[in-house]
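The values are calculated or read from the model by the stated rules, or taken from the named source; none is laboratory data. The structure displayed is predicted, hence computed values, not measured ones. For neighbour counting, all protein chains shown are included, and Cβ atoms are generated from backbone atoms with ideal geometry for every residue, glycine included. Areas reflect the complete protein model, heavy atoms only, side chains present, ligands, DNA and RNA absent. Shrake-Rupley method; radii C 1.70, N 1.55, O 1.52, S 1.80 Å.
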Amino acid sequence: RPAPDTLRRARFDRPQASLDFWRLLYALLKQIHGGKWTDSDAIDNQIRFVKSALWYHGYGRPELYRLPSDGSAGSRELLLAFSWLLHNLSLLEQLLAQNRVKTGDETSVCTCEDDLPNSQKGTTEIAPECGLEDRVDVRYLQWLNGKLKFQWRSLHAQHQEQCKLLHKIHLFTSGSHMDQILGHFSVTETDLIRQPENYKKLLQLLESETMQLEAFLEWKQLEPVYWQWMETVLDNMAEEGNICESQDTHVEKSGLPKATLCCPWADSLTGQIDRLSRDLMTLHDQLHELVTHRKAAWCEKVR
């Protein structure tokens, strides 16, 4: 999890926190998609994967995708992306489900999963490498279709075999479990009976899962505080954005009167721009009042 100092630096867009956030997002997204990762992976590959994964999940803020590939800037943008993952994808719940101890009895009708690391270049890149004008041999497509059908048949056969073996375990251990409602051992419990020395590894996994659950419960208690803190981050960004907008508006206003000297139709265009500017300012004031009201109500709720 990110250190408090990293979050504080990211709030003020300090470049020192950028690499830490890239690595954090890389590790989290790799776990979600079941990929293998190490801290020694090149930073440009990590950044490329994070951008592709966020694009895949629908994160549409363009400022993130303009960040440099060396991780030298953009800590606040990464903080926003991290918060978006927490809220929209139920990130922590997915990690708990991904890392929970398996009993071995899990099965499903369809075993398809979104294998993002293997299909990264095919479905998650922002711009495809080959154009539409490239031609593909029909025989190659037929070969791919046949290969896919063969793999599906093999997968289906393996799934049926898994169900048969699981049924045998449940049948042979029926009535042996202390829980009379369950009535049979799971695959993990059967393996422990055959190989009792494996209980130490299982105990370590259970202790790790317990620590994760305790951390998750602690997070749920402090989650309102985090989102209230994120509102202050957004307020800081809005203030900086207003400063930039006021500077841009000043430049535009100073340039408009000069245009009227050489363009006879510039007067009407300037009037339309002024009316749009007034409408936008009115809308901005209304939105600001609405945000202030909701923020006050949220603060009262948190108290």
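Rounded to the nearest 10 Å², what accessible area does Glu214 have for a 1.4 Å probe in the complete protein model?
Looks like 110 Å² after rounding.
Given the Cα-Cα distance of His167 and Leu202 and 0.36 nm per residue of separation, how much length would full extension add, in nm?
10.3 nm
Just to verify a number: what accessible area does Lys201 come out at with the full protein assembly present, 1.4 Å probe, Å² rounded to tens?
140
Which whole-number percent gives the relative contact order of region 139-194, counting Cα pairs below 8 Å spaced six or more residues apart?
Values: 23 pairs, mean separation 12.0, N = 56.
RCO, region 139-194: 21 percent.
Going through the cross-link list Lys36/Lys149; Lys36/Lys102; Lys51/Lys102, which pairs have a Cα-Cα distance over 25 Å in this structure?
Violating the 25 Å limit, Cα to Cα: Lys36/Lys149; Lys51/Lys102.
Using R₀ = 51 Å, calculate the FRET efficiency as 1/(1 + (r/R₀)^6) where r is the Cβ-Cβ separation of Lys102 and Gln16; round to 0.05. Could the numbers behind the result be given before it?
Numbers: r = 39 Å, r/R0 = 0.77.
Step by step, r from the Cβ atoms, then E = 0.85.
Per residue of region 43-56, in order, report the coupling 6.51 cos²θ - 1.76 cosθ + 1.60 (Karplus, θ = phi - 60°) as ³J(HN,Hα) in whole Hz, putting x for Gly and Pro.
Per residue, the Karplus-derived 3J(HN,Hα) values read 5, 5, 5, 4, 5, 5, 5, 4, 4, 5, 5, 5, 5, 4 Hz.
Please work out the average accessible area per residue across region 1-100, using the 1.4 Å probe convention, and give it in Å².
In whole numbers, region 1-100 has 50 Å² accessible per residue.
Just going by the charge dipole of region 139-194, with Lys and Arg at +1 and Asp and Glu at -1 on Cβ, which of His184, Leu144, Ala157 is farthest out on the positive end?
Leu144
Treat each spin label as a single point 7 Å out from the Cα along the C-beta direction, and report the Glu231 to Arg139 distance in nm.
6.7
Under a point spin-label approximation (7 Å from Cα along Cα-to-Cβ), what is the His57-Trp152 distance to one decimal in nm?
Taking the two extended label points, one gets 3.0 nm.
Taking only protein heavy atoms and a 1.4 Å probe, what accessible area per residue, in Å², does region 139-194 have with all protein chains in place?
85
Report the Cα centroid-to-centroid distance between region 204-222 and region 57-98 in angstrom, as an integer.
For region 204-222 versus region 57-98, the Cα centre distance is 23 Å.
Tally Lys/Arg at +1 and Asp/Glu at -1 over every other residue whose Cβ is under 13 Å from the Cβ of Asp44; what's the total?
+1
Go through region 4-52 and name the trypsin sites (Lys or Arg not before Pro) that are in a DSSP coil and have 16 or fewer other Cβ atoms within 10 Å of their Cβ.
Sites meeting the loop and neighbour criteria: Lys36.
On the protein heavy atoms, probe 1.4 angstrom, tell me the percent of accessible surface of region 1-100 carried by carbon and sulfur.
Answer for region 1-100 is 49 percent, counting heavy atoms of protein chains only.
Just to confirm a number: summing +1 for Lys and Arg and -1 for Asp and Glu over residues other than Leu202 whose beta-carbon lies under 11 angstrom from that of Leu202, what do you get?
After counting each charged neighbour, the total is -2.
Please report the accessible area of Met230 (heavy atoms, 1.4 Å probe, ligands and nucleic acids excluded) in Å², nearest 10.
Around 10 Å² of this residue is reachable by solvent.
How much length would be gained if the chain were fully extended between His293 and Leu213, taking 0.36 nm per residue of separation minus their Cα-Cα distance, in nm to one decimal?
Gain in length upon complete extension: 25.3 nm.
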